[in-house]
Every structure is written in structure tokens, then in C-alpha cells.
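Before any comments, here is the structure.
Just so it is clear, none of the values below were taken in a lab; they were calculated from the coordinates. The structure presented is a predicted model; accordingly, all values stated were derived computationally and were not measured. Cβ: placed from backbone, ideal geometry, glycine included. Neighbour counts: every protein chain shown.
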Amino acid sequence: MIRIAGLVLSFFLVACASKPPAQVEDRSGSAAAASSGYYRVVSGDTLYAIAFSHGLDYRRLASWNGLRAPYTIYPGQNLRLTSPPENRSAKAADASSSARNETRPKATPPPASATTRPAPVPAPKPPTSASSQRTPGTGASSASGSGRWLWPANGRIIRGFSPTDPSRDGIDIAGSEGDPVRASAAGTVVYSGDGLKGYGELIIVKHDDRWLSAYGHNRKRLVAEGEKVNAGQKIAEIGRNDRNEQVLHFEIRSNGRPVNPLDQLPPR
């Protein structure tokens, strides 16, 4: 009996020794790092929509990815969402060089000779008026003839802007389903679709190189990408948000960053 048990034990040890050890998959390596800081383009995306979704200036996003107007992108393409390493290194080198220069004693300029005239002092710039601060652009892309934005809908505000809450990058204006949504300023439609999560049927209008406006939760979109719109033109119809509220979500962005629309819209 003891001999049989010994044979069984010997067989078990040999079987274990012949079986290769289990391999452990390391998921913390390059696969995760490769996707970090990048966005994979899907069908229907535009550069403006991607920049809008990530709170970036579209020009900066284009520069990081070597894109030029008209900023053509393709499904499956990976877009960098942060500054390339060489740009950061160059900035660090510039900062270091600047710091070294600041520590060096500055040379004392030689005394002016009788024939040397002092440099002319530029005249002070006139103060900027409040109305000019509200203007999203100049020329054809100006907000309106008066240089002011227009209200995109007539309802009351049920949810205001908050600089610390990403879900409140704009204002929510109540209305009835089917009410008109109007362009707040003249510009070009750079996005018209439903691919941005949390916005439903969305329209983004570019007014100039600095200003964008966005109109979300529409029941129906009436303009297409690339179409030019006038201030006050009907571009959509009010729909419902995820809370089943009949509402228009409206945003204004300056250089990719959300600003409080009430600081730009005329009082009413």
C-alpha cells in the first residue's frame, strides 16, 4: 500500500514538472500608454468637433497633428491631444535660456550723444468699449451689424454657466419642442451631427478664428457642414435633452474655451 502511494506521488510530481508555468499578461505597459493622449477618429468626426469635445483650440489641435486647412481627417486616424514632446522640450529649453539670461547682469547703455534722439513714445491706445468686447469677429463674421451676439432662442434660462462644472459649459434655454433655434452670429457651420456624447443633435458655427457657438439637443438640424449662415437665421428646432426637458443647450467658446454666454449676449 505504501509502495502504491509512493508511485502515485512520483507520477504527480513528474506531471507538474512537465507542465509549463502559466503566463501572466501585463496590461500596464505600452498598450495603455499608446492610447493615452490620443483620439481615434470615427466616421462623422470633424477637427472642430474633436477640439470642441476636448476643450481645445482647433488651431492648436491641427498644429499638433501637422494638419492644414481644410483640416481633412480620416476614420481610424489617431490624433494627438497634447503638445508633441519636441514642442515641450523646446519650450523648456527656451525657459531655461530665459532664466540664464535674467541672471546675467544687464549691460549699461552708453549715454546718449547730442545727435542721438530718444525713441518716440507710442501714443496710448484708446480704451476698448464694452460693445467692442462683445464682438466675436470683424468683417463678414462679425456677430451682427451692431457688433453684438443675438439670443438663439426666446425662452427663459433654466440652467446657467459654471466654470467649474464641465456639464455646464453653456446655458440651457427652455422652449417648446419645434421652436426655432437661430444662429447667434454670422459664420460657417463646422459641425452638424449627433456624434458628441451629451449634446444630442448638435450644430457648431465658426464665426472667426477665435469664436465658436454651439447649439445642442435639437429635434431637427436644418443646416449642413460647410454652409454659411447669417445672424438670426433659423438653423434648427428645439428638441429634448437626456432629462426629457424641452430645451436648447447653447455655448460660446473663445479660442476653444467655454465662456459665459451671458457675458456676450445682449441683456433682455
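With contacts taken as Cα pairs under 8 Å and at least 6 residues apart, the range 135-263 reaches a relative contact order of 28 percent.
Panel note: the C-alpha atoms of the range 36-88, placed on their principal axes, show extents of 31, 24, 18 Å (largest first).
Dipole magnitude of the range 135-263 about its Cα centre, charges +1 at Lys/Arg Cβ and -1 at Asp/Glu Cβ only, in debye to the nearest 20? Walk me through the numbers before you get to the answer.
Details: 17 positive and 16 negative charges, 29 e Å.
The calculation lands at about 140 debye.
By the count of other C-beta atoms within 10 Å, a proxy for reagent exposure, 222, 248 are ordered fewest to most as 222, 248.
Taking a straight line from the alpha carbon of residue 234, these aspartates and glutamates sit under 20 Å away, with near neighbours fewer than eight places off in the same chain left out: 172, 177, 179, 194, 201, 208, 225, 251.
Taking all pairs of different Cα atoms in the range 135-263, averaging 1/r and flipping that mean, what Kirkwood radius in angstroms comes out? Write down the numbers at each step before the final one.
Values: mean 1/r = 0.0704 Å⁻¹.
Over the range 135-263, the inverse of the mean reciprocal pair distance is 14.2 Å.
Counting Lys and Arg as +1 and Asp and Glu as -1 over every other residue whose Cβ lies under 10 Å from the Cβ of residue 53, the net charge comes to 0.
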